[in-house]
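Notes follow the structure.
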Amino acid sequence: MPKVEPFEKHTNQYEEWFQNNAFAYESELNAIRRLLPWGETSVEIGVGSGLFAAPLGITVGVEPSNAMAALARQRGINVVGGVAEALPFDDNRFDLALMVTTLCFLDDIEASFREVFRVIKPGGCFICGFVDRESFLGKIYEKYKDQNVFYRHATFFSIEEVIVHLQKTGFHDFSFTQTIFRALDEIRDIEPVKNGYGEGAFVVVRATKQ
């Protein structure tokens, strides 16, 4: 079952996190933008309230939470109800699929990646942004997740685990960016974006469908 209950009950708290951590949010957007290819058709899977899709120019989203979908629609996103494990789209529809901080809420990462692979056109890209479980922030989230209404039932992944799942699905040609190098309460400006991974807590991977 999709983990929608926290997002239905605590929608305002979700929005407030991005307001209170505006520099971190902008840093994550910048890390995604560096890997974002030009494409005619794109979709964000787990679009939430549209906070990433809207500024990145993505106009189609999939979201299981009605409350979050309503906010995304207010931001101009065409939201379709559904889950990553069973995407409501035809094969080979999109040039780009985006997934941001959604990995940890998936019921089945392998089924989700297979569905992403299915709906992307040959030569298209899958961009996935997530908090690396092995980073300083990932370890904090993991340690205290029982105290967080959103992360209580989350499953965090390391970069190596994500790469393995992408490879098993058939993706290849990986590129990485990273950001968030300080504790959130220490960030006073937009964080830099670096290529690669292993330093920053927020990692973005771009993979290509053969």
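Only the coordinates and a few stated rules stand behind these numbers; no lab work does. All values reported here derive from a predicted model rather than from experimental measurement. Counting neighbours? That spans all protein chains shown, and the Cβs are built from the backbone with ideal geometry, glycine included.
Highest mean first, how do 131-142, 10-21 rank when packing is the count of other Cβ atoms within 10 Å averaged over residues?
Highest mean packing first, the order is 131-142, 10-21.
Calculate the spin-label point distance for Arg75 paired with Leu184, positioning each point 7 Å from the Cα along the beta-carbon direction, and give it in nanometres.
A separation of 1.6 nm, rounded to one decimal place.
Let me have the 222 nm mean residue ellipticity of the chain computed from DSSP H runs of 4+ only, each contributing -39500 (n - 2.57), with the sum over all residues rounded to the nearest 500.
It comes out at -9500 deg cm²/dmol, rounded to the nearest 500.
Return the single residue from Gln178, Gln147, Gln167 with maximal mean-square fluctuation; model: Gaussian network over the chain, springs between Cα atoms under 10 Å.
Of the options given, Gln147 has the highest mean-square fluctuation.
At a Förster distance of 41 Å, what's the computed FRET efficiency of Lys121 paired with Lys194, Cβ-Cβ distance as r, to 0.05? It would help to have the intermediate numbers written out before the result.
Working: r = 30 Å, r/R0 = 0.72.
Calculated value: 0.90.
Answer with a single label: of [x] 106; [y] 129; [z] 138, which was calculated as volume of the Cα convex hull per residue in Å³ from the structure in view?
Here volume of the Cα convex hull per residue in Å³ agrees with entry [x].
Stretched out fully, how many nm does the piece from Lys168 to Gln147 gain, at 0.36 nm a residue minus the Cα gap?
Computed gain between Lys168 and Gln147 is 4.2 nm.
Please sort through the DSSP H helices of the chain and keep those with an alpha-carbon extent of at least 18 Å along the long axis and a Kyte-Doolittle average not below -1.0.
Both cut-offs are met by 22-35.
In which sequence would Ile127, Ile190 go, from the one with the fewest C-beta neighbours within 10 Å to the one with the most?
The order, fewest Cβ neighbours first, is Ile190, Ile127.
Only Cα pairs within less than 10 Å get springs; with that Gaussian network setup on the chain, which residue of Val80, Val43, Val149 has the largest fluctuation?
Val149
If a/c stays under 1.5 just call it rounded; otherwise compare a/b with b/c (prolate if a/b is bigger, oblate if not). Do that for the range 129-210, with a ≥ b ≥ c from the square roots of the Cα gyration tensor eigenvalues.
Taking the square roots of the gyration eigenvalues as a ≥ b ≥ c, the range 129-210 is oblate.
Go through 154-166, 51-63 and give me the packing order, highest mean Cβ count within 10 Å leading.
Order by mean packing, descending: 51-63, 154-166.
Can you figure out the FRET efficiency of Phe18 with Glu110, using R₀ = 25 Å and their beta-carbon distance, to the nearest 0.05?
Given R0 = 25 Å and the Cβ-Cβ separation, E is 0.25.
Highest GNM mean-square fluctuation, the chain, Cα pairs closer than 10 Å: which of Gly196, Gly46, Gly124?
For the chain, modelled as a Gaussian network with Cα springs under 10 Å, the answer is Gly196.
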